[in-house]
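Note sheet for the following structure.
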């Protein structure tokens with residue numbers, strides 16, 4: 001489980017087996033120009049290895065590889081080029097994640113939606129912090145997390161997952177963006193299904209819009225002071241905890257709240273790498289070892 005090269009080889013072969021059309025025979029994205037000997041698939045694989053092994057320091061990772069695995073990575077590029085190429089490969093990594101998730105979600109009819117706060121820094125430092133502030137459209141801001149009852153400065157991770165715990169779609173929004181805003185665009189990604197959410201998604205107009213536009217039935221608990229109050233079915237209440245557990249696993253094993261990126265491009269790339277690594281382990285658990293997909297702290301080789 002702690003051998004970087006063994007984990008790298010397993011992840012590399014899994015990605016290569018997906019037969020993504022964007023990759024050429026040499027493992028690089030098909031584009032004009034000189035081909036790197038350290039291929040694009042290898043860049044993605046090494047970044048996913050780091051997330052799987054909970055190595056949040058790229059500096060430590062590269063020192064470890066160069067000291068203990070130098071002969072096994074003969075064409076390894078320097079850390080700066082690796083970081084730059086990883087950010088440029090963001091859309092390709094998303095295609096990898098989607099391809100992995102598609103194998104799970106082909107016949108799913110029930111999905112869960114929720115959000116979690118991602119702090120960039122403490123609220124007391126928000127005015128002097130410069131992280132991710134290159135453009136106003138992508139800059140972090142201040143928001144409130146009702147479930148944990150605290151203000152935070154950063155972003156929200158909006159996620160939709162299946163009942164089994166496989167992410168269907170994810171999106172980063174500013175902290176101040178209301179959860180229902182994310183759902184206004186979900187009808188372009190989902191249709192003919194039941195979507196289970198908490199009270200943050202309670203909106204009669206949104207329920208009607210999703211049902212008429214994409215035949216999505218939004219199931220949310222009612223507030224106690226609502227007219228004709230009825231307690232939500234226990235099956236939906238229990239099912240909703242699946243995504244909360246998934247968020248907890250992202251925080252624990254993948255350390256999604258410990259992010260040292262300075263730019264928004266770097267920040268979102270690290271977040272996507274963690275989610276892709278999680279989906280990859282689920283994929284290997286199911287199709288290679290036939291074991292429970294959410295046993296994430298296991299060896300993959």
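Numbers for the structure displayed
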{"quantity": "Packing-based ranking, highest mean first, of 154-161, 94-101 given that Cβ atoms within 10 Å are counted", "calculated": "154-161, 94-101"}
{"quantity": "Residue 64-residue 209 FRET efficiency (beta carbon distance; Förster radius 41 Å; 0.05 resolution)", "calculated": "0.20"}
{"quantity": "Cα-based shape type of the range 201-252, given that a ≥ b ≥ c are square roots of the gyration tensor eigenvalues and the cut on a/c is 1.5", "calculated": "oblate"}
{"quantity": "Inter-probe distance in nm under a simple model that places probes 7 Å from Cα toward Cβ, at residue 137 and residue 260", "calculated": "3.1"}
{"quantity": "Equivalent ellipsoid semi-axes - Cα gyration tensor, the range 107-258, angstrom", "calculated": "28, 17, 16"}
{"quantity": "Debye equation applied to the C-alpha atoms of the range 7-136, log10 I(q)/I(0) at 0.11, 0.20, 0.21 Å⁻¹", "calculated": "-0.54, -1.25, -1.30"}
{"quantity": "Stretch gain in nm, segment residue 245-residue 128, where the contour uses 0.36 nm per residue and the Cα spacing is subtracted", "calculated": "38.7 nm"}
{"quantity": "Helical mean residue ellipticity (222 nm; -39500 (n - 2.57) per DSSP H run of 4+; nearest 500) of the chain", "calculated": "-13000 deg cm²/dmol"}
{"quantity": "Cα centroid of the range 182-196 to Cα centroid of the range 1-74, whole Å", "calculated": "34"}
{"quantity": "Kirkwood Rh, Cα atoms: Rg over Rh of the range 172-232", "calculated": "0.98"}
{"quantity": "Relative contact order of the range 107-258, pairs being alpha-carbon contacts under 8 Å that are 6 or more residues apart, as %", "calculated": "23"}
{"quantity": "Angle in degrees between helix 58-68 and the longest Cα principal axis of the chain, rounded to the nearest 10", "calculated": "40"}
{"quantity": "Linear extension gain, residue 291 paired with residue 235, 0.36 nm per residue minus alpha-carbon span", "calculated": "17.7 nm"}
{"quantity": "Taking the C-alpha atoms of the range 240-297, convex hull volume expressed per residue in Å³", "calculated": "84"}
{"quantity": "Normalised contact order of the range 1-157, rounded percent, pairs of Cα under 8 Å and 6 or more residues apart", "calculated": "18"}
{"quantity": "Where labels lie 7 Å past Cα in the beta-carbon direction, separation of residue 147 and residue 163 in nm", "calculated": "2.0"}
{"quantity": "Additional length obtainable on full extension of the chain from residue 192 to residue 173, 0.36 nm per residue less Cα span", "calculated": "4.3 nm"}
{"quantity": "Rg over Rh [alpha-carbon atoms, Kirkwood Rh] for the chain", "calculated": "0.98"}
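None of the figures in this text is laboratory data; all of them are computed from the coordinates on show. Note that this is a predicted model, so its numbers are computed, not measured. Because the Cβ atoms are built from the backbone with ideal geometry, glycine has one as well, and the counts that use them run over all protein chains shown.
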